[in-house]
Structure formats: structure tokens, C-alpha cells
Amino acid sequence: MTEQPHNTSNALLEQIIADDISQRGGLSFCDYMQHCLYHPQHGYYMAARQRVGAKGDFFTSSSVHSLFGALIARQLHQMWQLLGSGSFTVVEQGAGDGFLALDILETLQADYPQMYAVIRYVLIDVSADNRRRQQEHLHRHAEQITWQNFDELGSFTGCFLSNELLDAFAVHVVEKHDGQLQEVYVVQGGQGLEEELRTVDGPQFAHHFERVGAGVMEGCRGEVCLAVQPWVESVAEKLEQGFVLTIDYGYPAQELYAPFRRQGTLLCYYQHTANDNPYQNIGCQDITSHVDFTLLQRCGEHVGLETLHFTEQYRFLIGLGFVEELVRLQAEETDPQKAMALRMTLKNLILPDGGMGETFKVLIQGKGVGQPELLCQRKISDISAAFT
Ligand SMILES: C[S@@+](CC[C@H](N)C(=O)[O-])C[C@H]1O[C@@H](n2cnc3c(N)ncnc32)[C@H](O)[C@@H]1O
């Protein structure tokens, strides 16, 4: 399949969007974003292109270093033991190029062969282009893996895993003026696409803000992802017993809608540069918004998913042995320059400023598993003990 060159906006998609705007008299931002990312032929995630990694538009933790997946494998192994060491399914939705799955399966095969022998790994991705990349990278573990559509997934026991899936779900954008919520629509203006504020129709946003106990403040803008609730409900329904492990950048609702975030959190990524203009590079740039982790927890509690642990990515990784592994990997590296490069790369996963440590959060929910003490909950203060 031919990959699209990186420096183009997609004229065909622009025309499709223009036609839809003219037919419907404007598109909610959510419908516009859905076109940009998920139009079946031309959407950013659907067309053939390199998205993740140095030649793409953004890095994800799994593209930074295999240690990320190796540590998650450690946590999955403990979850497997907690469920009785029997058959265990990992369902990963939104696996991108498949490197997280690869690092997990390689670690399980090398370090936990008994679990590897019984594991079933299901990959779900809307993008046929990403499924093709996953198949290419994961052929060594073909016996463990199946690819399915989300709707086809039956009930399972194990862990539902995602890394940077939910930030890519299409969102509604709302603003509050004179005490009234208004929704952003995309219309055709004289100079191209323009935004128009329209009165909110129906109670869905009010219900949303009531549920999360926070809201967009006067004069501010914010995003609302209405797709989260049905997603959590479906995951909970399919999960017979086990865990939901969600990793993404985001905040609890109070922080997400804090007044200092006047413009919301919508961001676009194009060739490793972030911008806040979703009306350029149409179909050729990623569009994301920060995840509302309060919403995930509230929706989960409603359908039997208990919150077991919610933390920053750096605490999660450190709990699973990040520091000890960093020391070990550095000691194995004989070239001092390579050792330094390794340290810098790995620091990216835990650094708060500019790195992925603090804005990235980890939520672990459980169904029918009680309140186990998870490996990732090991306190940072306990780590010094590992070096004595
Ligand atoms: C930002 S990438 C994350 C990639 C990967 N998890 C990683 O760590 O590198 C988002 C992924 O989610 C997929 N995706 C987005 N929306 C989806 C949906 N509704 N169902 C399944 N996959 C989806 C995209 O195709 C892509 O593979």
C-alpha cells in the first residue's frame, strides 16, 4: 500500500467535509473530528501513513522503549496470578503499530512462559492500516493473537488494555457565555472553515457535567467526550472477571475544567509539532484532547467496574521496577555514550516536564477481583530497599 506523503492536506477529504457541511448546514466539532480522524478512506488513522515514531507525527510510550511494555507485562503476570493462573485474555484496543503488544508478549515468553503458554491476546483497531502494521510486527506471536472488531468481542476473563486510545475519540467542544453552554459547530466561511457557536440542544452536556462534578467555567472552552460512557459500558459488559488498564494523558474532571485552562485541551500533532488549529493539515494531522479520568471512574462504578488504582505514569512504572531496570540496563551497556542515550530515552517515560511522567495517568479498574494490592502500587519510598 502506498503511504501518503507527509506534506499534504487531503483535498478529497476537504471536499467531503465541505459537502457534508453544506448538506447539514454545519457540523458539530465532534462530527468534524470524526471525519478528520476516521473517514473510512481518508481519515488520519485510516489512510496508509506513518503516524507513530521518529518518521511519524508523535511518540507514544511504547515507541520510546521496550521497557514500558516489559513492565506492563509484569503487572499483567500478577493479574493472571490473582485470577488463579488459568486461561487469561489480554484485549488491547488501539494498538497502533503493535509495539506494546510485541514488548508484552516477548517479556511473557522470556520471563513468564507458563502464562505465555495460556494467554490469548486480542487486538482491536479501527484502522486497517494499523492492523496491517500490527500483523507485520507481531508475526512471531501469531499463535497467541487474534484480531477482532470491538463489536465481535465476546465475554472474556483477563485484562482490557489501552494506551493512548481514548485521547483520539472524537469530542464535542463547548463554551460558556452569560451562564449558558454553547456548542462549537464548523461551518464554511469566506476564507475557509470557521467556527460558529450554537445554543446547546438537549441535556446531554448538563448531565455529563453533573456526573463528573465539574464544568466549563464562564468564558472558557472545554471538550466533552460522549463516546466514553458507551465504551465503558461495553467493556464492562464483555469483561466477565478481571481488570481494565487505561493509560493516557489527562486529568480528573476538576483539573481538566479548571478556569486556567481557558481554551480546553484540544491539540493537533503534525510531524512532531503540536498546534491548536484543527482546520489545517486536514486528514494529515492527529487531533487529540486530554482524557477525563473522573468520567471513566464514574461510568465504570455505574456498571460494576471498581476503581482499584489511579496514579501518574511515573509512579506506575516506578512501582513496577523502572529504577531497578534502568540501573540493570545501564550496567549492561559498555559504551558510556550509549548508556547516557539510554538514560535520556528512559527518563522520557517518567519526567514530569516535557516528558510523559505526570500528564500521563494510569487507571486500573476491576470486576470481581476484590481490592488486591497491585505490584504497581509499590511506593517510591520502598525502592531504596531494593538497593540495600
Ligand atoms: C495514538 S494511537 C496509540 C497507539 C498505541 N497504543 C501506542 O502505544 O503506540 C491510537 C490508536 O487507536 C486506534 N483507534 C482510535 N480509535 C479507535 C476505536 N474507536 N477503536 C479501535 N481503535 C481505535 C488508532 O487506529 C490507533 O491505533
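Looking at 224, 212, 232, 244, which one is touching a Gly at 6+ places or on another chain (Cβ under 6 Å) and surrounded by 20 or more Cβ atoms within 10 Å (Cβ to Cβ)? Quick ask: steps written out before the conclusion?
Values: 224 fails: touching a Gly at 6+ places or on another chain (Cβ under 6 Å); 212 fails: touching a Gly at 6+ places or on another chain (Cβ under 6 Å); 244 fails: touching a Gly at 6+ places or on another chain (Cβ under 6 Å).
Going through 224, 212, 232, 244 in turn, the sole match is 232.
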ask   = Which members of segment 251-261 meet the condition of being exposed (fewer than 15 other Cβ atoms within 10 Å of the Cβ) and part of a helix (DSSP H, G or I)?
value = 254
request  = Name every residue in segment 127-180 that is more than 21 Å from the chain's Cα centre (by Cα), aliphatic (A, V, I, L, M) and either within 12 Å of the ligand (Cβ to nearest atom) or exposed (fewer than 15 other Cβ atoms within 10 Å of the Cβ) (or both), in order of residue number.
outcome  = 142
ask   = If the Cβ limit is 6 Å and pairs must be 6+ apart or interchain, which residue in segment 34-51 that is closer than 15 Å to residue 134 by Cβ pairs with which residue that is crowded, with 19+ Cβ neighbours inside 10 Å and small (Gly, Ala, Ser)?
value = 45/127; 46/127; 50/56
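Working only within segment 262-305, note down all residues that are small (Gly, Ala, Ser) and part of a helix (DSSP H, G or I). Lay out the reasoning, then the answer.
Going through segment 262-305, the residues small (Gly, Ala, Ser) turn out to be 264, 274, 283, 289, 300, 304.
Hit for segment 262-305 is 300, nothing else.
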inquiry  = I'd like the full set of residues that are at pLDDT 95 or above and touching a His at 6+ places or on another chain (Cβ under 6 Å), limited to segment 236-250.
reply    = 250
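Looking only at segment 55-112, filter to residues that are in a helix (DSSP H, G or I) and charged (D, E, K, R); which one of those is nearest to the ligand (Cβ to nearest atom)?
As a first pass, look at segment 55-112 and keep what is in a helix (DSSP H, G or I): 61-64, 66-82, 99-111.
Of the ones still in play, those that are also charged (D, E, K, R) are 74, 103, 106, 111.
Details: 74: 17, 103: 10, 106: 15, 111: 21 Å.
Step by step, filter segment 55-112, then rank; the result is 103.
If you check 244, 228, which single one turns out to be in the same structural domain as residue 88 (by TED's automatic domain parsing) and touching a Phe, Trp or Tyr at 6+ places or on another chain (Cβ under 6 Å)?
Working: 228 fails: touching a Phe, Trp or Tyr at 6+ places or on another chain (Cβ under 6 Å).
Just one listed residue meets the conditions, 244.
Are any residues in segment 45-54 touching a His at 6+ places or on another chain (Cβ under 9 Å) and more than 9 Å from the ligand (Cβ to nearest atom), and if so, which ones? Spell out the reasoning first.
First, the residues of segment 45-54 that are touching a His at 6+ places or on another chain (Cβ under 9 Å): 46-47, 49-50, 54.
Hits for segment 45-54 are 47, 49, 50, 54.
Of the residues 98, 69, 25, 53, which single one is crowded, with 19+ Cβ neighbours inside 10 Å, small (Gly, Ala, Ser) and closer than 30 Å to residue 12 by Cα? Break it down stepwise before answering.
On the way: 69 fails: closer than 30 Å to residue 12 by Cα; 25 fails: crowded, with 19+ Cβ neighbours inside 10 Å; 53 fails: crowded, with 19+ Cβ neighbours inside 10 Å.
Within the list 98, 69, 25, 53, the selection yields 98.
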key: Filtered residues of segment 113-126 (kept if outside any helix (DSSP H, G or I) and away from the ligand (no atom under 11 Å from the Cβ))   = 119, 120, 121, 122
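The values are calculated or read from the model by the stated rules, or taken from the named source; none is laboratory data. Quick caveat, the model's predicted, so the values are computed rather than measured. Please note: Cβ atoms are built from the backbone with ideal geometry, for glycine as well, and neighbour counts cover all protein chains shown.
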